[in-house]
Amino acid sequence: MSQVLVGEVAGAVEPDVPRQTEPPAGDRRSRGVDPRRVLRFAGHRPGLVLAVVVAVLIVLASFWPGLFTSQDPLLGTPSQNFRGPSGAHWFGTDELGRDVFSRVVHGAQLSLQATLIAVLVAFVVGGSLGLVAGFVGRWVEDVIMRLVDVLLSIPALFLSLALVTALGYGTVKVAVAVGVASVAGFARVMRAEVLRVRQAVFVEASRSCGTRWYAVLGRHVLPNALGPVLVLATLEFGTAVLAVSSLSFLGYGARPPAPEWGTLISTGRNYLGNAWWLTALPGSTIAATVLAVNRIARALDGEWARQR
């Protein structure tokens, strides 16, 4: 009887053994991206998968055009001029017998180079202005934001035309003009995010501990305000493709026979009556690129965050 009582008392005071519990969802997310979640996310969005494939193909064409064609985009055969799309010439040939597909593939390098420069200029200049305006405040913010308002009051294409006329012709100058015309949007988004992050509790705690202002800016404010600006850069990439192609179409880009996308459309419009493919197929390439980039940006902007 006493042994039974001793056993019951020992069982009553025996400490509970902690059980293995599944880590919360936040901890699982912090370990990295789950490949199964990514596959599940992409499996329900075939349009997003197609957009990623198109974007990858365009990037490969811009860096390694030899993967898609071995023909010289500047060398033509006059006897083969105005040939329609076929197995030998997927996009047909132009007035000089040059393969249009090879010109579109090699033109991706020029067009995307200008687009990347334009987005980089807008991201760096606009982001810096918004960061300073939001973090410093006072009269500095007023001066910067009034400048941004002036830029926003001018249509982006008109401002790009004015700038490229002052700078001169060429792919890089077109890219700089398009980038400067897009500065205002980046400045406004960055300022709004900095104002939001600046009022956070962890920023106030860091300041109360005596942390230097540049440490607060670099460790806390900038990393937490950068996400929406990166999404805007992805969206702006498609707009910059259209702007660069528009200026090239007007004759401000690379000089012929350089196979820039806008230049190809501008040259082909003179032969719409008998060679529709000279404008339709390069134009379709631009449209596919812009749609693919916008679809990817939309997925990054909200769809993936909601799924997580």
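Let's see how each residue does on (1) out of contact with any helix residue (DSSP H, G or I) (no Cβ under 9 Å at 6 or more places or on another chain); (2) more than 30 Å from GLY273 (Cβ to Cβ); (3) aliphatic (A, V, I, L, M); (4) in contact (Cβ under 8 Å) with a residue 12 or more places away in the chain:
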residue: VAL100; (1), (2), (3), (4): no, no, yes, yes
residue: ALA133; (1), (2), (3), (4): no, yes, yes, yes
residue: GLU141; (1), (2), (3), (4): no, yes, no, yes
residue: VAL150; (1), (2), (3), (4): no, yes, yes, no
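To keep it simple, each residue is scored yes or no on (1) over 18 Å from SER245 (Cβ atoms); (2) modelled with pLDDT under 90.
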{"site": "VAL121", "(1), (2)": "no, no"}
{"site": "VAL140", "(1), (2)": "yes, yes"}
{"site": "ILE154", "(1), (2)": "yes, yes"}
{"site": "PHE158", "(1), (2)": "no, yes"}
{"site": "ALA162", "(1), (2)": "yes, yes"}
{"site": "ALA166", "(1), (2)": "yes, yes"}
{"site": "THR171", "(1), (2)": "no, yes"}
Which residues, taken from the range 153-171, are surrounded by 15 or more Cβ atoms within 10 Å (Cβ to Cβ) and closer than 24 Å to VAL231 by Cα? ALA156, LEU157, LEU159, SER160
Residue check for VAL194: closer than 18 Å to THR263 by Cβ, in contact with a helix residue (DSSP H, G or I) (Cβ under 8 Å, 6 or more places away or on another chain) and among the aliphatic types (A, V, I, L, M): no
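Select from the range 193-212 the residues that are in a helix (DSSP H, G or I), in contact (Cβ under 8 Å) with a residue 24 or more places away in the chain and surrounded by fewer than 16 Cβ atoms within 10 Å (Cβ to Cβ) and list them in ascending order.
The initial filter retains those residues of the range 193-212 that are in a helix (DSSP H, G or I), namely 193-198, 201-208.
Okay, now just the ones that are also in contact (Cβ under 8 Å) with a residue 24 or more places away in the chain, so 193-198.
Matches in the range 193-212: ARG196 only.
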Take TYR271 and decide whether it is farther than 30 Å from VAL203 by Cβ and in contact with a Leu (Cβ under 6 Å, 6 or more places away or on another chain). yes
Under 8 Å between Cβ atoms, which residue pairs at least 6 apart in sequence (or on different chains) link something in the range 104-121 that is on the phi > 0 side of the Ramachandran plot and crowded, with 24+ Cβ neighbours inside 10 Å with a partner that is assigned to a helix (DSSP H, G or I) and hydrophobic (A, V, I, L, M, F, W, C)? none
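Restricting the range 247-274 to residues that are farther than 16 Å from VAL104 by Cα and crowded, with 20+ Cβ neighbours inside 10 Å, which is farthest from the chain's Cα centre (by Cα)?
Filtering the range 247-274 down to residues farther than 16 Å from VAL104 by Cα leaves 247, 250-252, 270-274.
Restricting the remaining residues to those that are crowded, with 20+ Cβ neighbours inside 10 Å gives 247, 252.
On the way: LEU247: 20, TYR252: 24 Å.
Ranking the candidates gives TYR252 first.
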VAL164 vs. criteria in contact with a Leu (Cβ under 9 Å, 6 or more places away or on another chain) and of a type outside the set (Lys, Arg): yes
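The values are calculated or read from the model by the stated rules, or taken from the named source; none is laboratory data. Keep in mind the model is a prediction, meaning the values are calculated, not measured. All Cβ positions, glycine included, derive from the backbone under ideal geometry; neighbour counts span all protein chains shown.
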